[in-house]
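Engineer: If you scroll down you'll find the structure; I have some questions about it.
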């Protein structure tokens, strides 16, 4: 329950995510008592890398205020998830895939909300696993892309990983160098093997019409001062999506931190989210 709030989004949450049931690896489910598809929606949330429960809960609490009769499926993200093999990851995603399949089979609609490159990567893997299993594109009434995608440049990647680590003195002293060494090893591996950078693959996949339905309304939420994913990167990707004929809304914030844009203007933030949800695909 929220202890302090503005209008919709709480600033702190007591016992964060305690109302969610763990149904699988990094997978959590909350179902409102009045949930009844097809009238009521499923909100599928892909959290950013190493996101703390206390931060994720601010969004889940807000969503439950906005969609009181919904079902909410949360998938969290660890750094190792970014580099799992597709078959392994699909197995881990099975409980979540089953929840979405059940909802869609009953005629329900899905709202997808991903945060940062970590969450966007989770969503892309989920969409590909869905297609392999069901033979169709994953049905979404609206797609929200918060603080992504970024191309994975050295300094921005370093900032993102540092942000996800424990904020202790030890990590501040030694984590800085360790992360630089890790990034160097990744860049070196890609150079030697000719492998494409993971985030460049993600960048391409998010606009791939064989993975994501081009008819789905998409909202990009991003900030001018984000140190981890630049507004230039997001706008480049959004503009490419528009050029491909996608239904895109770009919502830029001026002073908000990475994955924290709702703090600057929650009316602007949630207005864009719910606007896409209410609008839905043009073909409906």
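Engineer: Is it true that residue 20 is in contact with a helix residue (DSSP H, G or I) (Cβ under 8 Å, 6 or more places away or on another chain), under 25 Å from residue 218 (Cβ atoms) and assigned by TED's automatic domain parsing to the domain that holds residue 131? Break it down into steps so the answer makes sense when it comes.
Structural biologist: Numbers: in contact with a helix residue (DSSP H, G or I) (Cβ under 8 Å, 6 or more places away or on another chain): yes; under 25 Å from residue 218 (Cβ atoms): no; assigned by TED's automatic domain parsing to the domain that holds residue 131: yes.
No: the conditions fail for residue 20.
Engineer: Residue pairs, Cβ under 8 Å, 6 or more apart or interchain, first in region 110-123 and not assigned by TED's automatic domain parsing to the domain that holds residue 88 and crowded, with 24+ Cβ neighbours inside 10 Å, second modelled with pLDDT of 95 or more and not in a strand (DSSP E or B). List them.
Structural biologist: Final answer for the pair search is none.
Engineer: Filter region 89-137 for residues that are on the phi > 0 side of the Ramachandran plot and in contact with a strand residue (DSSP E or B) (Cβ under 9 Å, 6 or more places away or on another chain) and give the result. Don't jump to the end; show me each part of the working.
Structural biologist: The first filter runs over region 89-137 and keeps only residues on the phi > 0 side of the Ramachandran plot, leaving 107, 116, 135.
Within region 89-137, 116 is the sole residue that qualifies.
Engineer: Mind counting the residues in region 247-265 that are in a loop (DSSP other than H, G, I, E, B) and in contact with a strand residue (DSSP E or B) (Cβ under 6 Å, 6 or more places away or on another chain)?
Structural biologist: Number of matching residues: 3.
Engineer: Please indicate, with yes or no, whether at least one residue in region 139-150 is at pLDDT 95 or above and surrounded by fewer than 19 Cβ atoms within 10 Å (Cβ to Cβ). Full working, then the answer.
Structural biologist: To start, the set of residues in region 139-150 that are at pLDDT 95 or above comprises 139-149.
After this cut, where a residue has to be surrounded by fewer than 19 Cβ atoms within 10 Å (Cβ to Cβ) as well, the list is 139.
Checking region 139-150: at least one residue is at pLDDT 95 or above and surrounded by fewer than 19 Cβ atoms within 10 Å (Cβ to Cβ).
Engineer: Please verify whether residue 57 is part of a helix (DSSP H, G or I) and touching a residue at least 40 places away in the same chain (Cβ under 8 Å), treating the condition exactly as stated.
Structural biologist: The answer is yes for residue 57.
Engineer: Just wondering, is there one or more residues in region 27-44 that are closer than 17 Å to residue 147 by Cα, at pLDDT 95 or above and surrounded by 21 or more Cβ atoms within 10 Å (Cβ to Cβ)? Full working, then the answer.
Structural biologist: At the first step, the residues of region 27-44 found to be closer than 17 Å to residue 147 by Cα are 44.
Filter once more, keeping what is at pLDDT 95 or above: 44.
Filter again for surrounded by 21 or more Cβ atoms within 10 Å (Cβ to Cβ), leaving 44.
Yes, region 27-44 has at least one match.
The values are calculated or read from the model by the stated rules, or taken from the named source; none is laboratory data. Remember, predicted model here, so these are calculated numbers, not experimental data. Cβ coordinates were reconstructed from backbone atoms using ideal geometry, including for glycine residues, and neighbour counts include every protein chain displayed.
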